[in-house]
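Participant: Here it is, the structure in full.
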Amino acid sequence: MFNPGITVKEHDETRQGEALVLDSKSGKNNGRKLYIESYGCQMNFSDSEIVASIMMDMGFTTTGTYQEADVIFINTCSIRENAEQRVRNRLKDFAVAKLRKPDMMVGVLGCMAERLKAKFLEEEKLVDIVVGPDAYRDLPNLINSADEGNKAVNVLLSREETYADINPVRLTSNGISAFVSIMRGCDNMCSFCVVPFTRGRERSRDAHSIVQEVTELYNNGYKEVTLLGQNVDSYKWSSEDGTEKVNFAQLLERVALVSPDVRIRFSTSHPKDITDEVLYTMDKYDNICKYIHLPVQSGNSRILDLMNRTYDREWYMERVNAIRRILPDCAISTDIIAGFCSETEEEHQDTLSIMDFAIYDYAYMFMYSERPGTPAAKKLTDDIPENIKNRRLNEIISKQRDHSKVRLDQQVGKVQKVLIEGFSKKSDKDYCGRNDQNAMVIFPVSDNIKPGDYVNVFVDRCTTATLIGTVV
Ligand code: SAH
Ligand code: SF4
Ligand code: F3S
């Protein structure tokens, strides 16, 4: 996922639309096939693995070909209008498949399901089931109901659900890296953002169940886990009797201690919440990757205030300075929104200048897209014309392209510890894998190394998006 390089896409959506393919769980097989496709953030991918697990418990097997599925699930994203449009277009493909196979069931899951609720059934006639992100345990009932010919909706949000006890299935993955959700929902109410409405209140998952899941992954040969939450720094869990309290820095430490052979990543850090304690914990453990995704959104304090980000330019810069001080080799990536409500040319320049200050390794960059029902949609006017938003975005992208190259160049001439993920996309004579800073490194295959191994690679050059070298 975090591919260094320049792309404008849905957040972390490099695996967008990819289908999960699973073998049947031993013993049970109801003869029906599930096809599941995910859009949006890593949390949606992680949820699809939970959904697949629930479906396999019902006896489903899965297929990578939707035309042959009995049930098609599409796990959706609402973050920007084009994310929703992509799902609508995909539903048209499924409608064609359903004409050929009329008893095929189509379910819409995730954030769009939550946002549109039963309206989805009116708007998209082919849809049989609408399920929000907190209602996946109800899938067996919803499918039974649809089997009986009744369309079914469950979009109840929960204050407690974390699916802590459900063991996700991970058969699409390379067997080397996995996602582990540590919390759900978000309480931040950034004014542009639909997530608090689609994912509900923030809740943290039992720390023991997280450590247990990571331990199981390690026992199954996994070498890298990414801890997921909308705002991992506000992770806060306490035992029922209140005697045990765990914050994010402490959770990181517990997970890092599972094994020095498992590398830890996490996403997303919120600039208002990331503490020095987290940075010192990262410093203390070699297996916590020195990489932080720290979305800035804008470099201007007035715009940040309108966005309700609850930090200003100076605060953000101070956090970057703290990272540079405590973790000198840490890579930083960000998210930026161009053309938010009432943004002036000078305010846009502040975004460009904060980029010059931080020199991000990587960035996800977007034009502001008004989302119905959000505080910004209610209280502010989406008044920056499309062509200006577009020009500002292009200026941001162009600057980031230069900065990504600067950061890659700095890594040339050094030895990098890389976890081999598999063959490079372009050639089976090369392996690829990421270094600590999350940059992709390409190097020749040789006999004594294999995917899942850590190797030291001397990097002698780079392209715009990858480091190239040889194993030493
Ligand atoms: N929880 C993360 C972000 C989740 S959404 C955080 O707080 O940083 C991922 C990114 O999508 C956001 O960081 C933001 O840059 C972008 N985004 C969210 N809503 C948007 C909107 N309405 N228009 C454009 N970009 C948006
Ligand atoms: Fe959205 Fe803000 Fe929550 Fe991130 S922190 S998910 S941007 S409301
Ligand atoms: Fe999209 Fe929902 Fe994630 S809106 S970005 S799938 S939390």
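The values are calculated or read from the model by the stated rules, or taken from the named source; none is laboratory data. Predicted, not measured: the structure shown is a model, and the values here were computed from it. Here Cβ is always computed from backbone atoms with ideal geometry, including for glycine, and neighbour counts include all displayed protein chains. With ligands, DNA and RNA removed, areas are computed over all heavy atoms of the protein, side chains included. Shrake-Rupley method; radii C 1.70, N 1.55, O 1.52, S 1.80 Å.
Participant: Residues with beta-carbon under 12 Å from that of THR344, excluding THR344: net charge, scoring Lys, Arg +1 and Asp, Glu -1?
Facilitator: So the environment of THR344 carries a net charge of -4.
Participant: Another question, then. Classify region 115-213 from the C-alpha gyration tensor, please: rounded if a/c falls under 1.5, else prolate or oblate depending on whether a/b exceeds b/c.
Facilitator: Oblate, because a/c is 1.5 or more while a/b does not exceed b/c.
Participant: Just to be sure I understand the model, the point goes 7 Å from the Cα along the line to the Cβ. What's the resulting LYS272 to TYR218 distance in nm?
Facilitator: About 3.5 nm separates the two model spin labels.
Participant: Hey, how many Å between the Cα centroid of region 231-246 and the Cα centroid of region 110-145?
Facilitator: Between the Cα centre of region 231-246 and that of region 110-145, the gap is 32 Å.
Participant: Test of understanding: extend the Cα→C-beta vector of ASP329 to 7 Å, then name every residue of region 282-297 with backbone N under 13 Å from that spot.
Facilitator: 283-291
Participant: I'd like the distance between the alpha-carbon centres of region 342-360 and region 432-452, rounded to an integer number of Å.
Facilitator: One Cα centre to the other: 35 Å.
Participant: Same structure, new question: With a probe of 1.4 Å, find how much accessible area the chain has per residue, and write the answer as a whole number in Å².
Facilitator: Accessible area per residue: 40 Å².
Participant: Right, another one. Need one number: nm distance between label points at ARG88 and LEU257, each 7 Å from Cα along Cα→Cβ, rounded to one decimal.
Facilitator: About 5.2 nm separates the two model spin labels.
Participant: Shifting gears a bit: For region 234-329, what does the alpha-carbon gyration tensor say about shape, rounded, prolate or oblate, given a ≥ b ≥ c as the root eigenvalues, a/c under 1.5 as rounded, and a/b over b/c as prolate?
Facilitator: The shape class here is oblate.
Participant: Could you state the number of Å between the C-alpha centres of region 44-95 and region 253-294?
Facilitator: Centre-to-centre (Cα) distance: 32 Å.
Participant: What's the carbon and sulfur percent of region 6-154's accessible surface, probe 1.4 angstrom, rounded to a whole number?
Facilitator: The computed percentage sits at 47.
Participant: How high is the FRET efficiency from GLU395 to ASN141, r the C-beta distance, R0 56 Å, rounded to 0.05?
Facilitator: Efficiency, rounded to the nearest 0.05: 0.65.
Participant: Now for a different question. If we sort 125-134, 93-102 on the protection proxy, mean other Cβ atoms within 10 Å, highest first, what's the order?
Facilitator: 125-134, 93-102
Participant: Would you list, by chain and number, the aspartates and glutamates whose Cα falls below 17 Å from the Cα of LYS272, excluding same-chain residues fewer than 8 positions away?
Facilitator: LYS272 reaches ASP187, GLU202, ASP233, ASP305, ASP312, GLU314, GLU318, ASP335.
Participant: Would you mind putting 407-415, 428-436 in packing order, based on average other-beta-carbon counts within 10 Å, highest first?
Facilitator: For the peptides 407-415, 428-436, the packing ranking is 428-436, 407-415.
Participant: In what sequence, highest mean first, do 142-154, 456-468 appear when ranked by Cβ atoms within 10 angstrom?
Facilitator: Per-residue mean Cβ counts within 10 Å order the peptides as 456-468, 142-154.
Participant: If I compute solvent accessible area with a 1.4 Å probe over the protein chains, what percent of it on region 177-409 is carbon and sulfur?
Facilitator: Carbon plus sulfur share of accessible area: 49 percent.
Participant: With all distinct Cα pairs included, what does the Kirkwood hydrodynamic radius of the chain come out to in Å, to one decimal, could you say?
Facilitator: Evaluated on the chain, it is 23.2 Å.
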